[in-house]
Amino acid sequence: MSKPDYTTLTPENIVAFLGDIFTRRGGEEYLGEPVTMAEHMLQGAHFAEQAGEPEVIIVSALLHDIGHFTSEFGTFSMDDTTDKFHEDAGAEVLGPFFPNLVTDCVRYHVAAKRYLCAAKPSYLKRLSEASIHSLNLQGGPMSADEVAEFEENPNLKEIVKVRYYDDAGKRDDLETKPFSHYAPMVQRVVDTHFEGDV
Ligand code: FE
């Protein structure tokens, strides 16, 4: 079977495109964590699903780190590929196809860590060593002004929720369902977006 043409992404092929990234690139290591990139994102989705979250939250957790594979998106973000922050890259690729809520959860999952470290000191205990290390590279906890500004985002609650699933998805002892389990759900979220219901 030849590889589908993903140079033009559409609502019909975006889910297969994302699944293809999971298949081909998902085995890559998640720096400093005991899970691969695919395991990490699938675990986040797993915990969200287990908690009975709405599909937009499960899908946000599933796709939050998709921007780590920025080289996959070269065809439609011509101006920046290498030094782009992964959360922006992810939000950019998902933007045309997913509800704003999903895009916000992806775009702000790093900011949410900086936010929670400042707003909820007990949150630091949840973070893995690697995550604390990257926190420092990402600017450390937010300042009071940044916290106030971040809290103005109407999707704050969901952004924080997805951040918690992100942090939970770093276990070396958890079998998850494959991307194909979530594919119909991802498609539903895309379809709902185009129906204008979200
Ligand atoms: Fe993550």
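The values are calculated or read from the model by the stated rules, or taken from the named source; none is laboratory data. Everything numeric here is computed off the predicted structure, so don't read it as measured data. No Cβ is skipped: glycine too gets one built from the backbone with ideal geometry, and neighbour counts run over all protein chains shown. Remember, those area values only see protein heavy atoms, side chains included, never the ligands or the DNA or RNA. Shrake-Rupley method; radii C 1.70, N 1.55, O 1.52, S 1.80 Å.
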*Of all residues in the range 90-109, how many are within 15 Å of the ligand (Cβ to nearest atom) and open to solvent by 10 Å² or more (accessible area, probe 1.4 Å)?*
2
*Is there a residue being closer than 13 Å to Ile57 by Cα, within 16 Å of the ligand (Cβ to nearest atom) and either open to solvent by 20 Å² or more (accessible area, probe 1.4 Å) or not β-branched (Val, Ile, Thr) (or both) anywhere in the range 131-142?*
no
_All but one of (1) open to solvent by 20 Å² or more (accessible area, probe 1.4 Å); (2) within 27 Å of Glu129 (Cβ to Cβ) hold for Met41; state the number of the condition that does not hold._
(1)
_Considering only residues that are exposed (fewer than 13 other Cβ atoms within 10 Å of the Cβ), in contact (Cβ under 8 Å) with a residue 12 or more places away in the chain and in a loop (DSSP other than H, G, I, E, B), which ones fall in the range 152-184?_
Asp172, Lys177
*Residues in the range 153-175: is at least one within 14 Å of the ligand (Cβ to nearest atom), of a type in the set (Asp, Glu) and out of contact with any Gly (no Cβ under 8 Å at 6 or more places or on another chain)?*
yes
